[in-house]
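> Dropping the structure in here first, questions after.
The values are calculated or read from the model by the stated rules, or taken from the named source; none is laboratory data. This structure is a prediction, so every number in the text was calculated from the model and none was measured. Methodologically, a virtual Cβ is constructed for each residue, glycine included, from the backbone with ideal geometry; neighbour enumeration extends over all protein chains shown. Note: accessible area is taken over every heavy atom of the protein model, side chains too, but ligands, DNA and RNA are not part of it. Shrake-Rupley method; radii C 1.70, N 1.55, O 1.52, S 1.80 Å.
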Amino acid sequence: MVDAGTKALAQEWLDVDYLPSTRAIVEKMLADGDADGLKTLLGSRLAFGTAGLRGPMGAGYNRMNHVTVFQCTQGIVAYLLKTCDEASLKEKGVVIGYDHRRHECGVDSEMMARAAAAACHSKGIK
């Protein structure tokens, strides 16, 4: 049985996840009543550490994916805009790299790089 708090987290995830394959993972867990699985994927967030944002790829806030990378990049951009000369930052831009990792759930490194670029672009950073 999935409690109300976990259902709310799942709905929050479904509200922001646009990728059908990762949405399907969370939707199936909801339908199956997999509370433990949902809590694993959604109950905590990846921590940004000295090596950056690291973790297994997959659906949910506790995995590397397009949503978590976009949200993390929003935070990094906010920090950069507070600590760097905004005009210079927007003129020079940032560098975003990626490799060729892919996960069976449909998440891949290029997708996450594009999500990071979108977060930067949304604040005028190229």
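> Just checking, how many residues over the stretch 67-126 are open to solvent by 90 Å² or more (accessible area, probe 1.4 Å), within 28 Å of residue 11 (Cα to Cα) and either at pLDDT 95 or above or among the small types (Gly, Ala, Ser) (or both)?
3
> Return only the number of the condition from (1) surrounded by fewer than 17 Cβ atoms within 10 Å (Cβ to Cβ); (2) in a helix (DSSP H, G or I) that residue 45 does not satisfy.
(2)
> Within the stretch 16-42, track down each residue that is within 12 Å of the chain's Cα centre (by Cα), part of a loop (DSSP other than H, G, I, E, B) and not aliphatic (A, V, I, L, M).
Within the stretch 16-42, 17, 18 meet the criteria.
Yes/no per residue for (1) in contact with a His (Cβ under 9 Å, 6 or more places away or on another chain); (2) among the hydrophobic types (A, V, I, L, M, F, W, C); (3) under 24 Å from residue 121 (Cα atoms):
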{"position": "3", "(1), (2), (3)": "no, no, no"}
{"position": "8", "(1), (2), (3)": "no, yes, no"}
{"position": "14", "(1), (2), (3)": "no, yes, yes"}
{"position": "28", "(1), (2), (3)": "no, no, no"}
{"position": "47", "(1), (2), (3)": "no, yes, yes"}
{"position": "50", "(1), (2), (3)": "no, no, no"}
{"position": "69", "(1), (2), (3)": "no, yes, yes"}
{"position": "75", "(1), (2), (3)": "no, no, yes"}
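> Take the residues of the stretch 1-33 that are of a type in the set (Gly, Ala, Ser) and in contact (Cβ under 8 Å) with a residue 12 or more places away in the chain: which is farthest from residue 110 (Cα to Cα)?
Let us first name the residues in the stretch 1-33 that are of a type in the set (Gly, Ala, Ser), namely 4-5, 8, 10, 21, 24, 31, 33.
After this cut, where a residue has to be in contact (Cβ under 8 Å) with a residue 12 or more places away in the chain as well, the list is 10, 21, 33.
Details: 10: 25, 21: 16, 33: 32 Å.
The residue in question is 33.
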